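Below is one structure; the comments refer to it alone.
The values are calculated or read from the model by the stated rules, or taken from the named source; none is laboratory data. Everything numeric in this text was worked out from a predicted model, so none of it was measured. So basically every Cβ, Gly included, is an ideal-geometry build from the backbone, and we count neighbours across all protein chains shown. Note: areas computed on protein heavy atoms with side chains; ligands, DNA, RNA excluded. Shrake-Rupley method; radii C 1.70, N 1.55, O 1.52, S 1.80 Å.
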Amino acid sequence: MTTMSDTKPHIIQIVGYKNTGKTTMTAALIGHFSSMGLRVAAIKHDGHDHFEMDREGTDSYRFGEAGASAVVVMSEKRTAIMERQATRLEEMLSHLSAYDWIVMEGFKEASYPKFVMVREERDLTLVNQLEGVVGMISWLPSEQFIEQSTVSRDITWYSVHETEDIAKALLQMVKSK
């Protein structure tokens, strides 16, 4: 079983099927960690390759259209790098090594510690299929979940409404290592 690393950055994945609340949960954890003064990086997997960070009509868009393989936009407060190439997850994690936490949405097959989002009973099958599951975040009432024998592992169940408890549990997992 994958455990939380006691070296920084600490990595947690939020995984689940479509429309289970992954983005909301990811944003909530980022909010809790950053409000404590921790530096947090977020990585989102886009399985459809639909995203476009630079919009038509912007200078960065024009540079990309002109053939730039990488476009970097820098201001006093932000830096954005858009590369027209695939990047391995390990390379990106290495690039973000100065952060306290990296919260990843998606990348189900990666073996980092992860929470599985469960909106309905059939989502429970994912818990048994994945490596590194440290907890489950459920929309189901706890009574309904406890009756389930679908999950073969003894893992901690959290309600989707307990984002603060989930953040505290993650901090505790890191401390106890």
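Observations on the model:
- Residue match in the stretch 18-38 (condition: closer than 17 Å to A80 by Cα, outside any loop (DSSP other than H, G, I, E, B), within 15 Å of the chain's Cα centre (by Cα) and among the β-branched types (V, I, T)): no
- Residues of the stretch 111-124 that turn out to be within 13 Å of Y17 (Cβ to Cβ), outside any loop (DSSP other than H, G, I, E, B) and either modelled with pLDDT of 90 or more or open to solvent by 60 Å² or more (accessible area, probe 1.4 Å) (or both), as a count: 5
- For the stretch 85-93, the count of residues that are touching a Phe, Trp or Tyr at 6+ places or on another chain (Cβ under 7 Å) and modelled with pLDDT of 90 or more is at least one.
- Selection within the stretch 154-164 - open to solvent by less than 80 Å² (accessible area, probe 1.4 Å) and out of contact with any Gly (no Cβ under 9 Å at 6 or more places or on another chain): S159, E162
- Look at (1) modelled with pLDDT under 90; (2) in contact with a Pro (Cβ under 9 Å, 6 or more places away or on another chain); (3) over 15 Å from A167 (Cα atoms) and you find that M4 fails only one, number (3).
- Summed over the stretch 83-122, residues that are among the hydroxyl-bearing types (S, T, Y) and free of Cβ contacts under 8 Å to residues at least 40 places away in the same chain total 2.
- Subset of the stretch 95-110 (residues that are within 13 Å of T7 (Cα to Cα) and either surrounded by fewer than 16 Cβ atoms within 10 Å (Cβ to Cβ) or in contact with a Gly (Cβ under 6 Å, 6 or more places away or on another chain) (or both)): S97, A98
- Flag if A80 is open to solvent by 30 Å² or more (accessible area, probe 1.4 Å), in contact (Cβ under 8 Å) with a residue 24 or more places away in the chain, part of a strand (DSSP E or B) and of a type in the set (A, V, I, L, M): yes
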